[in-house]
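The values are calculated or read from the model by the stated rules, or taken from the named source; none is laboratory data. Computed from a predicted model, the values in this text were never measured in an experiment. Here Cβ is always computed from backbone atoms with ideal geometry, including for glycine, and neighbour counts include all displayed protein chains. These area figures cover heavy atoms from the full protein model, side chains too; ligands, DNA and RNA do not enter into them. Shrake-Rupley method; radii C 1.70, N 1.55, O 1.52, S 1.80 Å.
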Amino acid sequence: MTRTQEIKTLVEQVFRHFHEHPELSYQEFETTACLRKELERAGITILDTGLKTGLVARIGDGAGPVIALRGDIDGLPIQEETDLPYKSQEAGRMHACGHDFHAAAVLGAALLLKEKEKVLGGTVKVIFQPAEEAPGGARTVLETGVMDDVQAVFGIHIIGNVPVGTYAIRSGAVTAAVDTFKITFRGKGSHGAHPDRGLDPVVAAANFVGAVQTIVSRNSDPFAANLVSVTHIQGGNTWNVIPETAFVEGTVRTMTKADRELVESHLRVMADHIAQAYGERADVEWIPGPPATWNDPAWSDFSARIAAEQGIRVVPAPSNLGGEDFAYFLEKIPGAYIQIGVGNTYSNHHPKFQLDPAALYPASEYLVRLAGAALDKLQKGQP
């Protein structure tokens, strides 16, 4: 068996092992240990980052241009409902978003790149990132400083209902900024039969739920992909008492920085003014999540060209208001987020989600080509 065949077999075995033993965000200790073992066995340098879970490895001596490949490693708190022979053995935990695929594919790329280390035109850092689902794992990696010298970064993600052998790539915003709002309307409690003696926060909250939809429909470009969803309402605990407070929370998804700022500003003003109209107060908490994942146009075109040269069919990535932690990397470093077709499947985060592992090893080979070509491009000083 050749070394290439050994790596292909190992990558497939590691993928199945990860799928059988998913670990949640910031708890990926066994996953990290497995990756460390295989990297050390291949003689690949593991950098001292101080990360508790996840790790960063390096192929090359640090000289020349530096690029990074990222694979996330955490699973989800979902009970698996597939009939796969390698289904999750961990109760209430599942790889339902393909992070087992990402980690195994990037591991394969690292092992293949090690075989070519002496002829690489620079250095490749391989990021096995924890806690994408938290989210925030990318920020944890950035805080170590390990990405400070990286000139281009590439991340992969599976995409369902796209055939194996097809990649989805496009420039600009690929996934949305993800923000959370929590609002407490503070009124004055009273008997349900005497609302005039109180200030009803339920009425204020109900008016806000309807009015907040006009931020998108009447204040943002009709062609823009923005969304406000109220997902949780709570007020009172019995039928004949007007409560002191009512609580509303939800999510905001936007594709540009300007729209993100617009929605936050209008939401705060709307909550405050609706509360004032009823003689009440609104306490607004805005919790920012990952920004929109923004693919650099030049690196996106480059990634698509490398895929096409490998015989991969490339299609434009669809718009997606889901969020992606990789956005934190692209906020600091130019690069591209590449989606890999894995065949027909249930949607991500579904208990019956499964993918076609036939896409796995070709993804490793693609990343090797992409990394080598990116280093050559940077070595030549090409923009």
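Here are the numbers for the structure shown:
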| item | result |
| --- | --- |
| Residue tally, condition acidic (Asp, Glu), touching a residue at least 60 places away in the same chain (Cβ under 8 Å) and out of contact with any Pro (no Cβ under 7 Å at 6 or more places or on another chain), over the range 19-66 | 4 |
| Cross-chain or 6+ apart pairs with Cβ under 9 Å, the range 208-230 first and under 12 Å from Leu267 (Cβ atoms), then among the small types (Gly, Ala, Ser) and part of a loop (DSSP other than H, G, I, E, B) | Val216/Ala224; Asn226/Ala176; Asn226/Ser220 |
| Residue match in the range 148-155 (condition: of a type in the set (D, E, K, R), surrounded by 16 or more Cβ atoms within 10 Å (Cβ to Cβ) and at pLDDT 95 or above) | no |
| Top-ranked residue in the range 61-92 [being of a type in the set (Gly, Ala, Ser) and at pLDDT 95 or above; ranked as surrounded by the fewest Cβ atoms within 10 Å (Cβ to Cβ)] | Ala91 |
| Residue check for Ala138: open to solvent by less than 20 Å² (accessible area, probe 1.4 Å), assigned to a helix (DSSP H, G or I), in contact with a Leu (Cβ under 7 Å, 6 or more places away or on another chain) and aliphatic (A, V, I, L, M) | no |
| Among residues of the range 1-57, those that are assigned to a loop (DSSP other than H, G, I, E, B) and open to solvent by less than 60 Å² (accessible area, probe 1.4 Å), counted | 14 |
| Total residues in the range 106-125, condition of a type in the set (A, V, I, L, M, F, W, C), closer than 13 Å to Leu370 by Cα and either open to solvent by 10 Å² or more (accessible area, probe 1.4 Å) or under 19 Å from the mean Cα position of the chain (by Cα) (or both) | 3 |
| Filter result (closer than 30 Å to Pro65 by Cα and of a type in the set (Phe, Trp, Tyr)) within the range 148-204 | Phe154, Tyr167 |
| Residue in the range 237-260 that is in a strand (DSSP E or B), hydrophobic (A, V, I, L, M, F, W, C) and open to solvent by 40 Å² or more (accessible area, probe 1.4 Å) present | yes |
| Residue tally, condition in contact with a Gly (Cβ under 7 Å, 6 or more places away or on another chain) and under 25 Å from Asn226 (Cα atoms), over the range 178-203 | 4 |
| Residue list for the range 212-226, filter: open to solvent by less than 60 Å² (accessible area, probe 1.4 Å) and touching a strand residue (DSSP E or B) at 6+ places or on another chain (Cβ under 7 Å) | Val212, Ile215, Val216, Asn226 |
| From Ala308, Ala363, Ala336, residue being free of Cβ contacts under 8 Å to residues at least 24 places away in the same chain and not acidic (Asp, Glu) | Ala308 |
| 2 or more residues surrounded by fewer than 18 Cβ atoms within 10 Å (Cβ to Cβ): qualifying strands (runs of 3 or more DSSP E) within the range 164-204 | 177-186 |
